[in-house]
1. Can you tell me how many residues in region 392-408 are free of Cβ contacts under 8 Å to residues at least 40 places away in the same chain, part of a helix (DSSP H, G or I) and crowded, with 18+ Cβ neighbours inside 10 Å?
2. Looking at (1) in contact with a helix residue (DSSP H, G or I) (Cβ under 8 Å, 6 or more places away or on another chain); (2) closer than 19 Å to Gln297 by Cα; (3) surrounded by fewer than 17 Cβ atoms within 10 Å (Cβ to Cβ); (4) not β-branched (Val, Ile, Thr), find the lone condition where Lys133 falls short.
3. Checking the structure you have, find out if any residue of region 293-301 is surrounded by fewer than 16 Cβ atoms within 10 Å (Cβ to Cβ) and more than 16 Å from ligand 2 (Cβ to nearest atom).
4. List pairs: first residue in region 409-424 and under 18 Å from Leu358 (Cα atoms) and without any contact (Cβ under 8 Å) to a residue 60 or more places away in the chain, second residue assigned to a helix (DSSP H, G or I) and of a type outside the set (A, V, I, L, M) anywhere in the structure, Cβ distance under 8 angstrom, at least six positions apart or on different chains.
5. Taking Ile131, is it under 23 Å from the mean Cα position of the chain (by Cα), part of a helix (DSSP H, G or I) and away from ligand 2 (no atom under 16 Å from the Cβ)?
6. Quick check, is Arg253 more than 19 Å from Val368 (Cβ to Cβ) and either surrounded by 16 or more Cβ atoms within 10 Å (Cβ to Cβ) or within 12 Å of ligand 1 (Cβ to nearest atom) (or both)?
7. Only one residue in Asn325, Asn214, Asn316 is more than 16 Å from ligand 2 (Cβ to nearest atom) and either more than 17 Å from the chain's Cα centre (by Cα) or over 17 Å from Val111 (Cβ atoms) (or both). Which one?
8. Does Asn257 count as at pLDDT 95 or above, away from ligand 2 (no atom under 16 Å from the Cβ) and assigned to a helix (DSSP H, G or I)?
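The values are calculated or read from the model by the stated rules, or taken from the named source; none is laboratory data. Everything numeric here is computed off the predicted structure, so don't read it as measured data. Cβ placement follows ideal geometry from the backbone for every residue including glycine, while neighbour counts extend to all protein chains displayed.
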Amino acid sequence: MKYEDFLDLEYIPNDNDLICLFKIKPATGFKLEKVAIRVAAESSNGTWTALKIPDHITRLSAKVYQIYGDYVKIAYPNDLFEEENMPQILSSIAGNIFGMKALEGLRLIDVKWPLNILKSFKGPQFGVNGIRKILKIDKRPITATVPKPKVGYYAEEHAQQGYEIWLGGVDLLKDDENLSNQKFNKFKERLELCMKMRDKAENETGERKSYLINITAEVEEMKKRAQLIKDYGNEYVMIDIFTSGWASVQTIRNVCNELGLAIHAHRAFHAAFDRNPDHGISMKVLAEIARIQGVDQLHIGGLGKLAGGRTEVKDNYIKCYTESNKDGFEMLEQNWHGIKPVFGVCSGGLHPGIMHRLMELLSTDIVVQAGGGVLGHPGGTESGAKALRQSIDAYMKGFSIMEYAKSHQELAEALKLWGNKTPI
Ligand code: CAP
Ligand code: MG
């Protein structure tokens, strides 16, 4: 076995192969083709020197089969991977290769997943339609709000903010990504108080309300928190999937299957490895894995204060929501074989003045989250929640927000403060 064995530009992949699209920036003095072969070797079963081996082992060798510009397509034999084992799959296609000295930059742009691997995981329990049934919301975007400042409120204050957020018309109260079970706001106390406020708000509004409470912790502790959530009658868990890790996500997905709980996936940490366009792994791939693992809602970017432009947000949405997509620029075709669509969650510096842009870009089958864009409203939390709902209602009824603001004071006040500018 030697490096050259990992190149076959005549090879035509079959449906069982897992395909990776990489963008490669060779280190100085290295040719792209040579580096591509090393990537295929190192990510399947080759190494830096020639080896005398039994012939049968080459059946697990990846093949570089297409090179165009900086882009390389590599086909991986299905047997290289263990079904239902995402850590092992990523240790192959997204492991050592990122540290190879022969390259200056390596980006895993997209993956085409074979059917047996897709189906070896649970996939979303509820997905878009299931969530809509839980919340009894048939068409418009689902709204969510994080009490800001992101951490600091005592449990009672948090629950009070939740009450005002729900009363103003927002559907989901959401913990921030770094709120868990700190001394100043214990998980069980927060859950108990928020559930009381949720019932109150449901009675007063006649609308379903729910709570994205953050269970992120060591996995045994997360299992206990999920059980508590079930005991208190809430419908969701929230988990920071990238700081928790795929193995934990898979465990919690299994637990949520037993408990009948939906999973809201926060993506904090993603930008550590998906932001550099020349290195790391794209959010498209991360979104695909989250859908395969079976989250019901996933943050996909929001054209607001955080990095990620229109194309990136749209591509993430396509990977979360569509039944299949065709080959495209930096996009491999993928048939999801009936795996449920996941709600893309748009967030990050959003406020009533810019919500319509997301619905125009994506669809109304999204979750929109505004924290500062509700809590920072001049009229206070409940008015901020009203303004958020009014901006959604305007779009659903075919009005411009300026038009709708003429008869909706809270929206008018939000537009006066924030206009239609995207905060940085
Ligand atoms: C937004 C947010 C979200 C980020 C996540 C925050 O708050 O709660 O965690 O938007 O980014 O902590 O910044 P604001 P993404 O609504 O006050 O901006 O959704 O892109 O993963
Ligand atoms: Mg946050």
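1. Counting residues in region 392-408 that are free of Cβ contacts under 8 Å to residues at least 40 places away in the same chain, part of a helix (DSSP H, G or I) and crowded, with 18+ Cβ neighbours inside 10 Å gives 3.
2. (1)
3. Step one: list which residues in region 293-301 are surrounded by fewer than 16 Cβ atoms within 10 Å (Cβ to Cβ), which gives none.
Within region 293-301, none of the residues are surrounded by fewer than 16 Cβ atoms within 10 Å (Cβ to Cβ) and more than 16 Å from ligand 2 (Cβ to nearest atom).
4. Partner pairs satisfying both residue conditions: Leu411/Lys386; Leu411/Gln390; Leu411/Ser391; Leu411/Tyr404.
5. yes
6. It is true that Arg253 is more than 19 Å from Val368 (Cβ to Cβ) and either surrounded by 16 or more Cβ atoms within 10 Å (Cβ to Cβ) or within 12 Å of ligand 1 (Cβ to nearest atom) (or both).
7. Answer to the selection: Asn325.
8. Details: at pLDDT 95 or above: yes; away from ligand 2 (no atom under 16 Å from the Cβ): yes; assigned to a helix (DSSP H, G or I): yes.
Yes.
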